[in-house]
Amino acid sequence: MRRFLIAGNWKMNCGPKDTSTLLQGIGNKMETMPEDVDGLVCPPTISLTTASVELQDIEGIALGAQNVHYEDNGSYTGEVSTQMLNEVNCEYVIVGHSERRQYFGETDKTVEAKVNKALQDDLKPVVCVGESLEQRKDNEHMLRVRKQVEAALVSVDKDQAEDVVIAYEPIWAIGTGESATPDQAQEMHKMIRDVLSDLFSEDKADEMRILYGGSMKPHNAEELLAQPDVDGGLIGGASLKADSFTEIIEIADELS
Ligand code: PGA
């Protein structure tokens with residue numbers, strides 16, 4: 001059975017000090033994590049060490065990074081490697097977020113390379129896919145997302161498929177306050193699961209988690225998470241407040 005994964009993508013928010021404050025706030029709200037929900041926070045790189053220390057006191061919340069390079073080391077100014085993330089106890093890494101695709105030249109090719117590198121070095125990639133508003137208006141959204149999923153996972157070994165998490169994030173819903181409707185999310189998630197089934201197998205696809213991201217908040221989390229193919233959330237804005245993040249975790253627990 002798939003467990004809900006409630007993931008916070010902090011983006012470029014929270015240096016080490018604010019990271020301590022936020023995680024202590026989350027810890028206070030949640031003495032122990034609900035048994036059937038996995039939590040995850042993805043602070044900026046500079047705060048990962050602090051977060052790793054704080055998370056020792058919070059059961060059930062894993063640590064993830066927001067980006068990683070696909071080479072082991074070398075002359076890549078500003079980048080971090082999988083080994084560095086392993087060293088600070090990261091379990092997950094976000095790959096191919098639309099903001100990285102839009103502002104930092106991430107392509108389907110680099111996403112594929114990063115997914116493979118992450119899996120090779122024991123990091124679970126959270127692979128982000130999603131269409132623009134224009135693509136949805138032109139009715140190209142299903143095809144666009146299908147292609148992104150296929151390109152990211154084309155060289156993933158079937159044995160490692162269950163370590164991959166997909167996050168469907170329609171670009172028009174990110175940070176806008178306008179989330180996809182539950183039906184729009186379910187339609188896309190079902191299509192993604194069918195693609196995963198074609199790439200790996202039906203059994204593997206059944207084990208893989210597909211998160212929804214894009215203005216998920218406490219007020220709309222229940223209807224989104226209640227969809228059969230929505231296995232959690234990748235949450236930006238609402239993950240920066242201990243109250244709203246833990247509220248979404250509790251909603252997921254109630255639905256488990
Ligand atoms: P949002 O961000 O929840 O603020 O819309 C989600 C994301 O970009 O991961």
- Task: Inspect region 36-52 for any residue being more than 16 Å from the ligand (Cβ to nearest atom) and free of Cβ contacts under 8 Å to residues at least 24 places away in the same chain and give the result as yes or no.
- Result: no
- Task: Say whether the condition of being within 15 Å of the ligand (Cβ to nearest atom) and outside any helix (DSSP H, G or I) is met by at least one residue in region 145-165.
- Result: yes
- Task: Please find, within region 233-256, the residue that is farthest from the ligand (Cβ to nearest atom) out of those that are within 18 Å of residue 165 (Cα to Cα) and in contact with a helix residue (DSSP H, G or I) (Cβ under 7 Å, 6 or more places away or on another chain).
- Result: 252
- Note on the structure: If we keep only residues of region 53-99 that are within 21 Å of residue 30 (Cα to Cα), part of a helix (DSSP H, G or I) and touching a Gly at 6+ places or on another chain (Cβ under 8 Å), then the residue nearest to the ligand (Cβ to nearest atom) is 54
- What helices (runs of 4 or more DSSP H), lying completely within region 170-256, carry at least 1 residues that are aromatic (Phe, Trp, Tyr) and more than 17 Å from the chain's Cα centre (by Cα)? none
- Message: Step by step: first the residues of region 158-201, then only those that are charged (D, E, K, R) and over 21 Å from residue 120 (Cβ atoms), then the one that is surrounded by the most Cβ atoms within 10 Å (Cβ to Cβ). Which residue is that?
- Response: 169
- If you take the residues in region 96-112 that are of a type in the set (D, E, K, R) and under 15 Å from residue 154 (Cα atoms), which one is surrounded by the most Cβ atoms within 10 Å (Cβ to Cβ)? 112
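Bear in mind these aren't lab numbers, they're just calculated from the coordinates by the rules spelled out. Everything quoted here is computed from the prediction, not taken from an experiment. In this analysis, Cβ positions are derived from the backbone assuming ideal geometry, glycine residues included, and neighbour counts consider all displayed protein chains.
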